[in-house]
Structure formats: structure tokens, C-alpha cells
Amino acid sequence: MSGILKGLRVVELSAFVAAPLGGLALAQLGADVVQVSPIAGRIDYDRWPVTDEGTSLYWAGLNKGKRSVRLALDRPEGQEIAAALIAAPGEGGGIALTNLPARGWMAYGAMRARRADSILLTLVGNFDGSTAVDYTVNSASGFPLVTGDGSRPVNHALPAWDVAAGLYLATGLLAAERHRRLTGEGQEVTLALSDVMLATVGNLGFLAEVQVTGRQRPALGNDLYGAFGRDFATRDGRRVMVAAISDRQWAVLCRATGLAERMVHVEGAMGVSLGNEAGRYHARDAIAAVFAPWFAARSLAEVAETFQGTGVLWGPYQDFAQLVAEDPRCSTANPMFREIDQPGAGRHLAPHSPLAFGAFPRGDVVPAPALGQHTEEVLADLLGLPSAEIGRLFDAGIAAGADA
């Protein structure tokens, strides 16, 4: 691997979104992420979306650039090998990332007994160790009750807490590894998925709003809270989102649409100043009534042409197919993207890391491995096992390659 994290090695034992995403973030920056799976594969190996032939595009997307090892993790010898991989010598090794129960051979004490500077990052559901997943954490967050019109809870399709947790895991791992470089000490790091949610709700001010003012954010449909922003329909049946979260953005929106003078009448009728966010928020329905006919008289292409170069904050609503077909940011014109040939899935667009480092240009996007593709390679490289011993492990069903 090449990249800014070259020399860092992480053994990942995980499933679903958060922990694999943390490993992916590290792998895309050059870390050697060795994903250890049971012989039959992780429980998310066939998760949707899948190709017509059943290949999981979800699994392939989250495991790009990693090395895959298959071990009988339900047998003592398989566990012993996995533990040895974590503790394998090397300045950048001794690191494990998991969302599995950290007990037995995976407990931090057991890892530290093998290698004193071990680092273990574990994702749990709640801070007390009880179970939670993105969907149950989200239902408790308050956001589904302010999404939509408030008539019923509305879940979002994005696993936001898993995504945020994955990035926290990568950040925490790098922080622990820096501490080890400075002090020589390893440590155990635990992240609770529900704490990711609670920290976010708190950091955005929603907990304090309830505690300090006694108020809470209402359900507003597609309106912004505390500023002006709303979706509008175009003449050709598309919808666009428009936002003005600063005085300058408000001014350029009014100027681009030619509706600045009409807004003076809105101020008089509503008795508010549209020169600040609070006034625009309180007058949002009246403002929208002025803007709506302007958008309804124009096609999406005409709206785009009018707003080009003006500084107006806007964007079209588009489904995934439109995103791929119409949005130039979702193409190889964007330096983040490459076309890859993913075994079992075919050729498609794949993102590299969103981070662009001046000293480390993005290389190729490495497709996800076949399950067990690197078992023999990793056992030889990290543990120094001879081919005869690796063959014995394969014959005994302790280890398996891609074709087993």
C-alpha cells in the first residue's frame, strides 16, 4: 500500500457499516488493513444492494483496498492465529479494530499480554455495553420526529450514526497510535454508537435549546430551521433546494431572481426585517410564495443557467440514477473517482478517500478482495509460516483461501 498512512497495520474484525467504514478510511490513506473473517464470511457478506448474480455491492464498497483472511474463529487454533496476527511484530502493528464483543482472546488484557503496546478500538452500542444499532439509536435521537411534517416519525435512509461512528473510529485509532509513538504505550479505546448520536445532538445545540429555553426544534418539512431554505418545483417537474444562510447569500438570491423589490413588500406585510436570518425564518412562507412562481416558470436547465456564477446556494433533487447520469461531480472529472473492475460485480465508478493530500496524490482505487484472497500471503508475511504449515491449516479447515 502507498499513502500517508503507509506502515500502519490494522487487523479488522467487524461487520456492517461503522467499523468496516473506519477500516476503509484508513486503507484508502495507505494503511494495511487486514480483514479477518470467519470461514463462511462475515454476516454482512451478502447484504443488499446486490448484483443480479448475488454479489454484495455494499460489502465490496466498504472493503476496497483491504486484505482478506479467512480463519475458523470458532476454534481455538483459528483464534490463536488471529490473535497472533494482531500482535505480529512491526512498529505500525499491534492494532485491532472491531465491533464484536471484546472478550476472551479478543479482550484487551489478552492482547496486551502478547504485545504490551497493543491498541484495541471497540465499537459498542451503548456506553454501558448494551446493544444498539443505527436504527434504534436514530429513533431515540429526536431527528425522526422533526423530519417531515411531524405527523409521524420519518427515518432517514442514510445510516448517519454508523457513518459518523466509522469516522470517529478512524480518528480515535490515529490519536491512540500517535500517543503510542510519543510514549510507547498502547491502550484500549471504546466508542459507543449512542454516544456518537448524543454528542452530535448536543454539539448542534438541540439539547441545550430544550434545557435553556424550554423550546425544541419543530418539524418543518423541507424548510431550514432558523434561516431561509426551501424546495421549489420547476416547470419540467423537477425540484430544487435553495438556501440562504447568510445576508450575502440572501442578497445574491434576490438579485439573481430579480425579486429584491418584491421582498420589500414582504417585509412591510410581515412586520419583520429580511436583513437577518431570524426575520427571514419567520417570514419563510411569505418569501416562498414570492419565489415559487419564479421557479415554476423555468425548467431545471434554465434555473441552472440563471444561477451559474452568482453564488446562489442551490442544488437539484436527484435520485441515484440521476446522480450518476447528470452530476459532473459524480464522474472521473472529479479527482476522487476512478473506474474499477470489481470481481463479481463488473466495471463501475468507485470513490477514493475524500481527503486530498498535497504530498500524497491519490493512487488507484483498489477493488475489494475476494473473501480469503490474502490468507496465504498474510500468514506468510506477518507470521512467517512456511507453506507446509499453511497447507496443514487449510487441510484442517482452520484457514481458507478465496477458492475454498
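The values are calculated or read from the model by the stated rules, or taken from the named source; none is laboratory data. Note that the structure is predicted; figures quoted are calculated from it, not measured. With ideal geometry, Cβ positions are generated from the backbone for all residues, glycine too; neighbour counts draw on all protein chains shown. Surface accessibility is based on the protein's heavy atoms, side chains included, excluding ligands, DNA and RNA. Shrake-Rupley method; radii C 1.70, N 1.55, O 1.52, S 1.80 Å.
Summary table
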quantity	calculated
Packing rank of 353-363, 312-322, 72-82, where each peptide gets the mean count of other beta carbons within 10 Å, highest leading	72-82, 312-322, 353-363
Whole-number percent relative contact order across the chain, with pairs defined as alpha carbons under 8 Å at least 6 apart	18
Nitroxide proxy distance, nm - points 7 Å out along Cα→Cβ at Ile4 and Arg239	3.8
Region 307-363 and region 15-55: distance between their alpha carbon centers, rounded to Å	21
Of all accessible heavy-atom area on the chain, the percent that carbon and sulfur account for (1.4 Å)	57
Reciprocal of mean inverse Cα separation for region 1-124 (Kirkwood radius, Å)	14.7
Alpha-carbon spread of the chain, three principal axes, descending order, Å	84, 48, 41
Relative counts (whole %) of C-alpha pair distances in region 216-293, using bins that are 5 Å wide	3, 15, 28, 28, 17, 7, 2, 0
Per residue, the convex hull volume that the Cα atoms of region 230-362 enclose (Å³)	146
Accessible surface, the chain, averaged per residue in Å² (probe 1.4 Å)	50
In Å², nearest 10: area of Arg284 left accessible to a 1.4 Å probe	50
Sequence of Asp395, Asp223, Asp341 when ordered by accessible area, the most exposed leading, probe 1.4 angstrom	Asp395, Asp341, Asp223
Taking all pairs of distinct alpha-carbon atoms in region 103-245, Kirkwood radius in angstrom	18.3
Calculated SAXS-style log₁₀ I(q)/I(0) at q = 0.17, 0.21 Å⁻¹ - region 340-404, Debye, Cα scatterers	-0.76, -0.87
Heavy atoms of Arg215: accessible area, 1.4 Å probe, square angstrom to 10	150
More than 12 angstrom apart: percent of Cα pairs within region 117-162	67
